[in-house]
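Please read the structure below before turning to the comments.
Here, each number is a calculation from the coordinates, and none is a lab measurement. Bear in mind that the values here come from a model prediction, so they are computed numbers and not experimental data. Cβ atoms come from the backbone with ideal geometry, glycine included; neighbour counts cover every protein chain shown.
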Amino acid sequence: MTHTHTPHAGDDNAADTDVVTLLMRQHGDIRNLFDEVEASTGDDRKDAFRRLVRLLAVHETAEEEVVHPFARRAFPGAEEVVDERLAEEHKAKESLAALEDLDTEDPEFLPRLRVLRESVQTHARAEERYEFTHIRRSADTARLASMAKGVKAAEAMAPTRPHPGVESRAANMALGPVAALMDRTKDAVRKAMGKDG
């Protein structure tokens, strides 16, 4: 069986000066991690799920800080589109919180994971269709690069793959709860975009 390696955001060390390309790649990473959680068992599943939770938390925080504020001003009817995306994100966060309390071997875990996956993918498709296209159309190169810098700073907070060696699990655990991670991500994004606050 040939295993095709799916690139993860940042693998190619490209400059990533287009925020839309970067976010689309993160959407791909999220899909890959859902696959990994479903296909694994035991500690591997726990580890993959922890990485999925962190990436989702960081990705949504980056979008709330970078994408939605720009999109609100970018095109007619944007307010409603952004509010719909925020409502979807809120619902996904609630599903995620409920999943986090379950053991990954619990019989309820996979069915709930699939419900979360469906809502996350529907949300991602809506973003790509209703927000990302307008951002590409409305933002100049400098703005796309500035937003990309914010998203890159967020991405650094959530490795999508475990680091080699046994220290990775302990290191992942030491990063603390998701709420704290989201706060740290907000700070990192704002700093990267020159908005200290």
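What does the charge count near Ala124 come to, summing +1 for each Lys or Arg and -1 for each Asp or Glu among other residues with Cβ under 13 Å from its Cβ?
On the way: positive: Arg25, Arg31, Arg85, Arg117, Arg125, Arg129; negative: Asp29, Glu60, Glu63, Glu88, Glu89, Glu118, Glu127, Glu128, Glu131.
Taking every Cβ under 13 Å from that of Ala124, the sum is -3.
Excluding Ala74 itself, calculate the net charge of residues whose Cβ lies under 9 Å from the Cβ of Ala74, where each Lys or Arg counts +1 and each Asp or Glu counts -1.
Result for the neighbourhood of Ala74: +2.
Along the positive direction of the dipole of segment 51-163 (beta-carbon charges: Lys, Arg +1; Asp, Glu -1; about the Cα centre), which of Thr141, Leu113, Ala156 reaches farthest?
Thr141
Rounded to the nearest 0.05, what FRET efficiency is calculated for Ala145 and Ser40 with R0 set to 35 Å and r the Cβ-Cβ distance?
0.45
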